[in-house]
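Reviewing the structure listed below.
The values are calculated or read from the model by the stated rules, or taken from the named source; none is laboratory data. The structure displayed is predicted, hence computed values, not measured ones. Note that each Cβ is placed from the backbone with ideal geometry, even for glycine, and that neighbours are counted across all protein chains shown. When the accessible area is computed, the model is the full protein with side chains, heavy atoms only, and any ligands, DNA or RNA have been set aside. Shrake-Rupley method; radii C 1.70, N 1.55, O 1.52, S 1.80 Å.
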Amino acid sequence: MSIVIRGGTVVTAERTFAADVYCENSKIAAIGENLEVPTGAEVLDATGQYIMPGGIDPHTHMQLPFMGTVASEDFYTGTAAGLAGGNTSIIDFVIPAPQQPLMEAYNQWKDWAEKSAADYSFHVAVTWWDESVEEDMGTLVRDHGVNSFKHFMAYKNAIMADDEILVNSFRRCMELGAVPTVHAENGELVFQLQQQMLAKGITGPEGHPLSRPPAVEGEAANRAIRIAQVMNVPIYIVHVSCKESLDAIVRARNEGQRVFGECLAGHLVVDDSVYRNEDFEFAAAHVMSPPFRSSEHQTALWQGLQSGNLQTTATDHCCFCADQKAAGKDDFSKIPNGTAGVEDRMAVLWDQGVNSGRLTMNEFVEVTSANAAKIFNIYPRKGSVSIGADADLVVWDPEGTRTISAKTHHQNIDFNIFEGRTVKGIPSHTLSQGKVVWANGELRAEKGAGKYIHRPAFNPMFDALSKQAERNAPTAVKRKL
Ligand code: URP
Ligand code: ZN
Ligand code: ZN
């Protein structure tokens, strides 16, 4: 099966140039002007459009069992919705229950993900610690293509990782060449602030951001970063939502530490006024952690992307419908945390980032695919338009518009945090493994077509850190007896 995309402008993280792109057997086989291609190849006209790497969402939670329920979006509906939005890969999270063997959880998630319509990979969460966890981390890295582990510093009495777990796991990550990632919120503070709000009679969704102020996130981000510094391991902070945690990242990066930061499309454009809405359903639909923040934090996040201190954008796609959110009708701390966005991230980022002049088109590619591919070691197979790369591409119509709505989106959720927003710049076509799976509004996603992405353990970044450690290694003082 082969296809040529004719007459478009290729946009990568590095450059912009006019070229046709020829794909054969799921790979990009040729790039150039006026390509001669075998007869019989399908032809896709991209005149006036951009050809970019398909998006990589490095943070999703399909069908996650969480807070007493299960996320409504499964691996098929979620990856299909992603394809409709130009997103061709996800990195989801295996989250073992405390005491559950990591390999058991990993196999469970792999099973669930077999129905994916787009390529997928997994970060694996470390939610508890003993020798078997240490061993399973090794098995996952060596035999299963996992090169990143997740640590939730929040969600006390559930999946929270304390400092002992962080230190053990970060050390193990360094041994294995895997990147630790963290959800940075001080879980003890959140827990106690939730009790305080409830005691004051604040039981509605407005209590959610009040129990998770920016300092709670900043403290945890700084702590995780400093633990990583001591353990001499790189670190990736997920869903950075506020100035406080961004500042912690910037400080460490300025000191030469390898710290990466992700921000969410939602945090960039939705503000915290949503929690003060009198309609419970509306406010509860926005309950996610960390919460949406005020505009000064949004400005800081855009600046973080522009300066390169934040490298990736994601969605934290984790869908709960109104009947699920209703579990917290009388107590905000029981509202399942999560919002959607895998279908909308690329268009929202283009509309608010590129159209506004905050990001160049090349920076858009960096923050929507290339940087995630580099950080999680699948570049240039993913995140690039280059010969030999996977033919995961999006043909982007900069003049096309869409008004986002839960009534028309493909996500399996009854709410959209971007409802009513008209975005300019949309995918006209998405190609996954060289096949057109989205064509001018027609979704041709195929259940089970997605392939598991093996992500090899790291290499140059870890070699550099080991050399640095050797240089700085402590020596015992020779004393006279
Ligand atoms: O509210 C959120 N973010 N739900 C999903 C789990 C997580 O913290 O990433
Ligand atoms: Zn999180
Ligand atoms: Zn998440």
- region 176-189, subset open to solvent by less than 10 Å² (accessible area, probe 1.4 Å) and without any contact (Cβ under 8 Å) to a residue 60 or more places away in the chain, residue farthest from SER148 (Cα to Cα): GLY187
- Item | Every residue from region 34-45 that is among the polar types (S, T, N, Q) and either assigned to a strand (DSSP E or B) or under 16 Å from the mean Cα position of the chain (by Cα) (or both) | none
- For region 91-111, how many residues are open to solvent by 30 Å² or more (accessible area, probe 1.4 Å) and modelled with pLDDT of 95 or more? 10
- Message: Which of the numbered conditions does SER26 fail, given that it passes all the others? Conditions: (1) surrounded by fewer than 19 Cβ atoms within 10 Å (Cβ to Cβ); (2) touching a Leu at 6+ places or on another chain (Cβ under 8 Å); (3) small (Gly, Ala, Ser).
- Response: (2)
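Would you mind stating whether ALA154 is open to solvent by less than 50 Å² (accessible area, probe 1.4 Å), in contact with a Pro (Cβ under 7 Å, 6 or more places away or on another chain) and among the small types (Gly, Ala, Ser)? It would help to see each step written out before you state the result.
Details: open to solvent by less than 50 Å² (accessible area, probe 1.4 Å): yes; in contact with a Pro (Cβ under 7 Å, 6 or more places away or on another chain): no; among the small types (Gly, Ala, Ser): yes.
Spelling it out, it is not the case that ALA154 is open to solvent by less than 50 Å² (accessible area, probe 1.4 Å), in contact with a Pro (Cβ under 7 Å, 6 or more places away or on another chain) and among the small types (Gly, Ala, Ser).
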- Query: Considering region 467-481 alone, what residues qualify as being part of a helix (DSSP H, G or I), open to solvent by 50 Å² or more (accessible area, probe 1.4 Å) and under 16 Å from GLN257 (Cβ atoms)?
  - Reply: LYS467, GLN468, ARG471
- Failed criterion for THR313 (all others in (1) open to solvent by 10 Å² or more (accessible area, probe 1.4 Å); (2) touching a residue at least 24 places away in the same chain (Cβ under 8 Å); (3) not in a loop (DSSP other than H, G, I, E, B) hold): (1)
- Task: Quick one: which helices (runs of 4 or more DSSP H) lie wholly within region 125-236 and hold at least 2 residues that are away from ligand 1 (no atom under 16 Å from the Cβ) and either at pLDDT 95 or above or under 23 Å from the mean Cα position of the chain (by Cα) (or both)?
- Result: 131-144, 163-176, 187-199, 214-231
- Scope region 86-105; condition over 15 Å from the mean Cα position of the chain (by Cα) and more than 18 Å from PHE66 (Cα to Cα); matching residues: MET103
- In region 94-103, is there at least one residue being closer than 21 Å to VAL436 by Cα and more than 16 Å from ligand 1 (Cβ to nearest atom)? no
- Item | Conditions (1) within 16 Å of ligand 3 (Cβ to nearest atom); (2) surrounded by 15 or more Cβ atoms within 10 Å (Cβ to Cβ); number of the one not met by MET52 | (1)
- Task: State yes or no: is ASN377 open to solvent by 20 Å² or more (accessible area, probe 1.4 Å), touching a Gly at 6+ places or on another chain (Cβ under 7 Å) and more than 24 Å from TYR76 (Cα to Cα)?
- Result: no
- Message: For region 338-359: of the residues being more than 16 Å from ligand 1 (Cβ to nearest atom), of a type in the set (A, V, I, L, M, F, W, C) and open to solvent by less than 10 Å² (accessible area, probe 1.4 Å), which is farthest from THR422 (Cα to Cα)?
- Response: LEU359
- Query: Can you find a residue in region 123-134 that is under 23 Å from GLN411 (Cβ atoms) and open to solvent by less than 10 Å² (accessible area, probe 1.4 Å)?
  - Reply: yes
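Please go through region 46-74 and give me each residue that is within 16 Å of ligand 1 (Cβ to nearest atom), in contact (Cβ under 8 Å) with a residue 60 or more places away in the chain and not in a strand (DSSP E or B), ordered by number. Break it down into steps so the answer makes sense when it comes.
Taking region 46-74 and keeping what is within 16 Å of ligand 1 (Cβ to nearest atom), we get 57-74.
Narrowing the set further to residues that are in contact (Cβ under 8 Å) with a residue 60 or more places away in the chain leaves 57-62, 64, 66-69, 71-74.
HIS61, MET62, LEU64, MET67, GLY68, ALA71, SER72, GLU73, ASP74, listed by residue number.
When you go through VAL146, VAL179 one by one, which is the residue that is β-branched (Val, Ile, Thr), touching a Leu at 6+ places or on another chain (Cβ under 7 Å) and away from ligand 2 (no atom under 15 Å from the Cβ)? Give the derivation first.
Details: VAL179 fails: touching a Leu at 6+ places or on another chain (Cβ under 7 Å).
The conditions single out VAL146.
So, SER333, is that one touching a residue at least 60 places away in the same chain (Cβ under 8 Å) and hydroxyl-bearing (Ser, Thr, Tyr) or not? Steps first, please.
Details: touching a residue at least 60 places away in the same chain (Cβ under 8 Å): yes; hydroxyl-bearing (Ser, Thr, Tyr): yes.
Judged against the criteria, SER333 is a match.
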- Taking region 196-241 on its own, how many of its residues are over 30 Å from ALA464 (Cα atoms), away from ligand 3 (no atom under 16 Å from the Cβ) and of a type outside the set (Ser, Thr, Tyr)? 17
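Here are some residues: THR88, THR79. Which one is part of a helix (DSSP H, G or I), open to solvent by less than 10 Å² (accessible area, probe 1.4 Å), of a type in the set (S, T, N, Q) and at pLDDT 95 or above?
Working: THR88 fails: part of a helix (DSSP H, G or I).
After applying the criteria, what remains is THR79.
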